[in-house]
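K.L.:
One structure is given below, represented as structure tokens, and several questions about it will come after.
The values are calculated or read from the model by the stated rules, or taken from the named source; none is laboratory data. Remember, predicted model here, so these are calculated numbers, not experimental data. Here the Cβ positions follow ideal geometry from the backbone for every residue, glycine too, while neighbour counts run over all protein chains shown.
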Amino acid sequence: MTRWVMASGIVSTVLVGAVALGAAGCAKLPPDPMQLDGGLLTVDNRSSDEWQRVEIWLNTYYRVTATSIPPHTRMQTPLDAFMAGFGQRFDYHRTQIRDLRLSATLPNGKPFELKKQFEEPGLAGALKPFGGKR
């Protein structure tokens, strides 16, 4: 009878550990504040500060501006609204997006910046989690 009690105690400990690991693995990461969906960019200000004098740069060449993005709100803009210095529009059907950055000013005057992290394409991106190099 002692063996059964010890064995059932070990089994219950293993089951509790497995459930705890499973629950931790199911935890969702917060969504990226800058999300691309087809030809649309959504910027989500989840902070309690207003972002003022907002500039969003696409591939360091194309830009969209906004006066502000209030706290706990979203701003959406089509990608073809991004323009270069001489009036060229971004063509998301033909151009790969390699860089997306947001810069703004907080109410206290401090600068605020966001940069979207992209996965590297092809084999370099697939090998990165395993220590692969370019």
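K.L.:
With the condition kept exactly as written, say whether any residue in segment 59-66 is at pLDDT below 95 and surrounded by 13 or more Cβ atoms within 10 Å (Cβ to Cβ).
P.N.:
The answer is yes; a qualifying residue exists.
K.L.:
Further, regarding this structure: If you go through segment 106-123 one residue at a time, do you hit one that is more than 18 Å from the chain's Cα centre (by Cα), of a type outside the set (Ser, Thr, Tyr) and modelled with pLDDT under 90?
P.N.:
Yes, segment 106-123 contains a residue that is more than 18 Å from the chain's Cα centre (by Cα), of a type outside the set (Ser, Thr, Tyr) and modelled with pLDDT under 90.
K.L.:
Right, here's the next one. Pick out the one residue from Leu41, Leu21, Leu15 that is aliphatic (A, V, I, L, M) and modelled with pLDDT of 95 or more.
P.N.:
Testing whether each residue is aliphatic (A, V, I, L, M) and modelled with pLDDT of 95 or more leaves just Leu41.
K.L.:
Which one is nearest to Gly38 (Cα to Cα) among residues in segment 64-90 that are more than 22 Å from the chain's Cα centre (by Cα) and of a type outside the set (Ser, Thr, Tyr)?
P.N.:
Within segment 64-90, the match that is nearest to Gly38 (Cα to Cα) is Arg89.
K.L.:
Go through segment 80-111 residue by residue and tally those that are among the aromatic types (Phe, Trp, Tyr) and free of Cβ contacts under 8 Å to residues at least 24 places away in the same chain.
P.N.:
Total meeting the criteria: 1.
K.L.:
Condition first: closer than 13 Å to Glu113 by Cα and among the hydrophobic types (A, V, I, L, M, F, W, C). Now tell me which residues in segment 33-57 satisfy that.
P.N.:
Scanning segment 33-57 gives Met34, Val43, Trp51, Val54, Ile56, Trp57.
K.L.:
Also: Can you tell me which residues in segment 75-95 are exposed (fewer than 14 other Cβ atoms within 10 Å of the Cβ) and either of a type in the set (Phe, Trp, Tyr) or more than 21 Å from Phe118 (Cα to Cα) (or both)?
P.N.:
Ala84, Gly85, Phe86, Gly87, Gln88, Arg89
K.L.:
Just the residues that are of a type in the set (S, T, N, Q), part of a loop (DSSP other than H, G, I, E, B) and at negative phi, please, taken from segment 59-111.
P.N.:
Gln88, Thr95, Gln96, Asn108, listed by residue number.
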